[in-house]
Amino acid sequence: MKKHGKLLAAALGVYVLLLILLVATEARAPDANIRNVWDAIWYSLITMTTVGYGDLSPVTPAGRVLGLIFALSSIGILTALIGIGLSLLSGQIVPRLRLWSGKHRNWYIFSEENADSAALASALSEEDPDCMTVFLSGEEKHLRAGNAVRIESEEEALLQLHGGKTEGTAFFYTGEDPWDNLSRSLETVKLGAPVYCMADVPVDALPVGMHLFSRREALSRCYWKEHPLKRKESRVILIGCGRTGSALLERALLTNVFEADRQTEYHVFDDRTDFAALHPRILEALNGEGEDPDRLVFHGGVWTENPELLRGADRIILAADEDAENLRVYERLHRWFPTGAQVHVRLDEPAPGLICFGEREKTLTPEFVIKDAVNRSAILMNEIYNKGSAKPVAWKDLSHFLRQSNIAAADHLIVKARILLNDEDILELSREVCRKAYARYRAIAQEKAEELQELEHRRWLRFYELYNWEYDPVRDNGMRRHPMIQPYEALSPAEQKKDAYAWEILGRIAEE
């Protein structure tokens, strides 16, 4: 709309200038019949529309040159007007009529149409076939769906067109700059609509209705949910620890926390500099010398120099940021190195015959972006924790870090269910699964209370160590110090018992 307006303004400016020049050159001639602006307008219109009555015509050389310009521009001007008219019809009028007729439906409005937003829009349409997906910009069409509407408009104007019905309306910002996404989202949330912003940035005190999500976080949560680590898989190799590989490793360390008699080794082939700079405490905790049974090892050399490690691996994850690199590594691994490990390959588009993960269609879904289910569980966990706390804090008042802590605990619930039911094939935390798991928990709670509480404490400790918290008798959130960052045995009986709440949540979910 703005582009067309500028074109029209420019064309009108040139037209007015030509009219002024025509009047200025013709009015001085004694035999001229174009003596004022109205004569010039009449002549220009008759000339450009090729009617040519002949009642008015320029008599001066300069006037005839201007007349020639009007005559030659007639086809171009008419073509431009028709093009702009059709563009307005298809880009503004028809979309607005479609939106107006669908005011009663849910709208999902995307700031940009690209491969990521199209994948998410498609998933939303599958869950809500009656919804409308609206794209405000985009160089090309990625979504082929009848409910997709493309229109150049401001968010506020669309909300007004929607009649103020903001419930069920979500905005997803999917540009390249996360801080620009965040800035735009903060402005949009003031309009009263829920906003989901793709920005992997730690921000506290978000306004009500504002939610952040990260594509890499969605990918890592999806991967470990669909490909849970089995008991027989104790040695995991990760080849590539860039932005995607780091997200997978971080999520693995938070999710794969099992019984004390079960050890998991993570061997990473990539430069450890970035990861070590961000997570020095977790590297120290998982060096094989501390209380944690798991182990994390970075190998400075290339993976091809460790054939024995590859031979003894249970799972190999190819997690480079580029598809071509993962396929190259897979080809070399498959051709030259014997291994009994399952090889999982991160690809944006799945390849036949491979165990692939990371496809947009699987990761960019309401489950991993909107996260309603895990957020509800996290909120319930916070409520249960508040009942035993001397200083309860409502969910809306929690910092970004504490919300992430509760979300990590909620993500681990499915692992707890697998442990309680001795079933490693559980992929969904359904109400029935929660009911059975909680019944089992109640049956063994007294006998295995210490073991279960210790497991939860190790999981909690792992989260805080990942974010570089340290032990101190006096808690200091700013300096990331906490009195409970110590082995389970060193806690008081009251502190040990507090970890039971993470298992009790299974019963609450079954009730809900």
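See the values below:
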| item | result |
| --- | --- |
| Computed accessible area, SER399, all protein chains, 1.4 angstrom probe, square angstrom | 40 Å² |
| In range of the label at GLU349: residues from the stretch 355-379 whose backbone nitrogen is under 19 Å from the point 7 Å along Cα→Cβ | 355-364 |
| Separation in nanometres of the label points that stand 7 Å from Cα toward Cβ, at GLU424 and VAL297 | 2.1 nm |
| Under 5 Å, built H, 5+ apart or other chain: amide partners of ILE316 | ILE237, GLN342, VAL343, HIS344 |
| Length released on extending from ARG435 to ASN33, taking residue separation times 0.36 nm less the Cα-Cα span | 135.3 nm |
| Helix 323-336 vs. the chain, principal-axis angle (Cα, 0 to 90°, nearest 10) | 40 degrees |
| Sorted peptide list for 303-316, 439-452, criterion being average Cβ within 10 angstrom, highest first | 303-316, 439-452 |
| Dipole moment magnitude, nearest 20 debye, the chain about Cα centre, only Lys, Arg, Asp, Glu C-beta charged | 1060 debye |
| FRET efficiency, 1/(1 + (r/R0)^6) with R0 30 Å, evaluated for ASP472 and GLN446 via beta carbons | 0.35 |
| Under 5 Å, built H, 5+ apart or other chain: amide partners of CYS356 | VAL345 |
| Label point distance in nm, VAL51-ARG262, each placed 7 Å from Cα along Cα→Cβ | 8.6 nm |
| Packing-based order for 131-137, 261-267, using average beta carbon neighbours within 10 Å, highest first | 131-137, 261-267 |
| Cross-link pairs beyond the 24 Å C-alpha cut-off, checked among LYS103/LYS371; LYS190/LYS371; LYS232/LYS362; LYS391/LYS436; LYS141/LYS362 | LYS103/LYS371; LYS232/LYS362; LYS391/LYS436 |
| Exposure ranking of PHE337, PHE275 by accessible area [1.4 Å probe, largest first] | PHE337, PHE275 |
| Top positive-direction residue, dipole computed over the stretch 378-512 with Cβ charges, set PRO473, PRO487, TYR441 | PRO473 |
| Options LEU97, LEU278, TYR223, ranked by Cα towards positive dipole end of the chain, top entry (Cβ charges) | LEU97 |
| Farthest toward positive dipole pole in the chain [+1 Lys/Arg, -1 Asp/Glu at C-beta], among VAL203, THR47, PHE171 | THR47 |
| Relative contact order (%) - the chain, alpha-carbon pairs under 8 angstrom, separation at least six | 10 percent |
| Ranked order, ARG231, ARG216, ARG418 - accessible area, probe 1.4 Å, largest first | ARG231, ARG216, ARG418 |
| LEU97 paired with ASP128, simple spin-label distance in nm, labels 7 Å along Cα-to-beta-carbon | 2.6 nm |
| Ranked order, THR49, THR365 - accessible area, probe 1.4 Å, largest first | THR49, THR365 |
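The values are calculated or read from the model by the stated rules, or taken from the named source; none is laboratory data. As the structure is a computational prediction, the values presented were derived from the model and not from experiment. So basically every Cβ, Gly included, is an ideal-geometry build from the backbone, and we count neighbours across all protein chains shown. The accessibility values were calculated without ligands, DNA or RNA, using every heavy atom of the protein model including side chains. Shrake-Rupley method; radii C 1.70, N 1.55, O 1.52, S 1.80 Å.
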